[in-house]
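Trainee: Mind having a look at this structure? Questions to follow.
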Amino acid sequence: MTVNAVLVSEADPPPGDEPVEWLLLTSLPVDDVEQVRQVVQFYCVRWMIEVFFRVLKSGCRVEERRFEHIDRLLACLAVYIVAAWRTLYVCRLGRGCPEMSCEAVFEAAEWKSVWKVVQRQDPPRKPPPLGMMVRLVAQLGGYVNRKRTDQPGPQTVWIGLQRMHDFALCWQLFGPEAKNQFSTCV
């Protein structure tokens, strides 16, 4: 097997910091600049892949599931992959597009119920921005919302999303919009 080495150095480090250097070993060809760039791009997304599998293993506890048949495991894994993807999607979109309406990701019952539980007040008429909503969801998972710039991570978001689903179901069944459903039964 041929192994190629690519040395990547940070061109403009922050003042007072040492430049970051990566020595990447790969079996991919590195005969021209485009191939080298592709190796570096693959390495850059490696971290997100690791975070995805951490969410799948730790958040969904996929390794703890014991099934007698592989088809049951595969069906369970398919659901957990969607849950892990949504967790990362919410985190990344909340960081990348914090001013976007939260309704791009959350249903009305989801964001309204979380708002009511975390803020302890009626939800606003206009949906809050996504960045704010991600912080509120993460607070359900243990995130401490400080004035610093720290963003919630996948762990507090996945725990918060689990709790959010329960609150959203209660909102749909017993919340302000649901009162009309029960008044016809009485």
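Trainee: Measuring from centroid to centroid over Cα atoms, what is the spacing of segment 1-39 and segment 58-131 in Å?
Mentor: The two parts, judged by their Cα centres, are 35 Å apart.
Trainee: Distances longer than 23 Å among the Cα atoms of segment 76-186: what percent of all pairs is that? Walk me through the numbers before you get to the answer.
Mentor: Values: 1703 of 6105 pairs.
Cα-Cα pairs in segment 76-186 separated by more than 23 Å: 28 percent.
Trainee: Something else now. Report, in deg cm²/dmol and to the nearest 500, the calculated mean residue ellipticity at 222 nm for the chain, where each DSSP H run with n ≥ 4 adds -39500 (n - 2.57) and the sum is divided by the residue count. All intermediate terms of the calculation are to be shown ahead of the outcome.
Mentor: Numbers: 6 runs with 98 residues, N = 186.
After summing the helix terms and dividing by residue count, I get -17500 deg cm²/dmol.
Trainee: Counting only pairs 8 or more places apart or on different chains, how many lysine pairs in the chain have C-alpha atoms closer than 22 Å? Intermediate results must be reported in sequence, preceding the final value.
Mentor: Numbers: K112/K126; K112/K179; K116/K126; K116/K147; K116/K179; K126/K179.
So the count of such lysine pairs works out to 6.
Trainee: Next question, about the same structure. What is the ratio of the Cα radius of gyration of the chain to 2.2 N^0.38 Å, with N the residue count, to two decimals?
Mentor: Details: Rg = 21.9 Å, N = 186, 2.2 N^0.38 = 16.0 Å.
Working it through for the chain, the quotient is 1.37.
Trainee: Could you check how much of the accessible area of segment 1-58 is carbon and sulfur, as a whole percent, using a 1.4 Å probe? Walk me through the numbers on the way to the answer.
Mentor: On the way: 2700 of 4600 Å².
Taking all protein chains in place, segment 1-58 shows 59 percent carbon and sulfur surface.
Trainee: Over segment 46-164, calculate the relative contact order: mean separation of alpha carbon pairs under 8 Å at least 6 apart, over the residue count, as a percent. Please report the intermediate quantities before stating the final value.
Mentor: Values: 132 pairs, mean separation 30.6, N = 119.
Relative contact order comes out at 26 percent.
Trainee: Calculate the dipole size of segment 69-108 relative to its Cα centre from +1 charges on Lys and Arg beta carbons and -1 charges on Asp and Glu beta carbons; express the result in debye to the nearest 20. Intermediate results must be reported in sequence, preceding the final value.
Mentor: Values: 4 positive and 4 negative charges, 40 e Å.
In total the dipole reaches around 200 debye.
Trainee: Working from Cα positions, state the angle (0 to 90°, nearest 10) between the long axis of helix 154-174 and the longest principal axis of the chain.
Mentor: Its long axis makes an angle of about 20 degrees.
Trainee: Okay, moving on. To the nearest 0.05, how large is the calculated FRET efficiency for E50 and E99 if R₀ is 22 Å and r is the Cβ-Cβ distance?
Mentor: Values: r = 29 Å, r/R0 = 1.30.
Result of the calculation: an efficiency of 0.15.
Trainee: Please state the charge dipole magnitude for the chain, taken about the Cα centre, from unit charges on C-beta atoms (+1 on K and R, -1 on D and E), reported in debye and rounded to the nearest 20.
Mentor: 1140
Trainee: Can you bin segment 36-112 into rounded, prolate or oblate? Criterion: square roots of the alpha carbon gyration tensor eigenvalues sorted a ≥ b ≥ c, rounded for a/c under 1.5, prolate for a/b above b/c, oblate for the rest.
Mentor: Working: a/c = 2.88, a/b = 1.15, b/c = 2.50.
The shape class here is oblate.
Trainee: Can you list the HN-Hα couplings for segment 106-117, worked out from phi with the Karplus curve (6.51, -1.76, 1.60; θ = phi - 60°), rounded to whole Hz and with x for Gly and Pro?
Mentor: Result, rounded to whole Hz: 10, 6, 4, 5, 5, 6, 5, 5, 5, 4, 4, 6.
The values are calculated or read from the model by the stated rules, or taken from the named source; none is laboratory data. This structure is a prediction, so every number in the text was calculated from the model and none was measured. Neighbour counts run over all protein chains shown; Cβ positions are idealised from the backbone, glycine included. Protein only, heavy atoms only, side chains kept; ligands, DNA and RNA dropped before computing areas. Shrake-Rupley method; radii C 1.70, N 1.55, O 1.52, S 1.80 Å.
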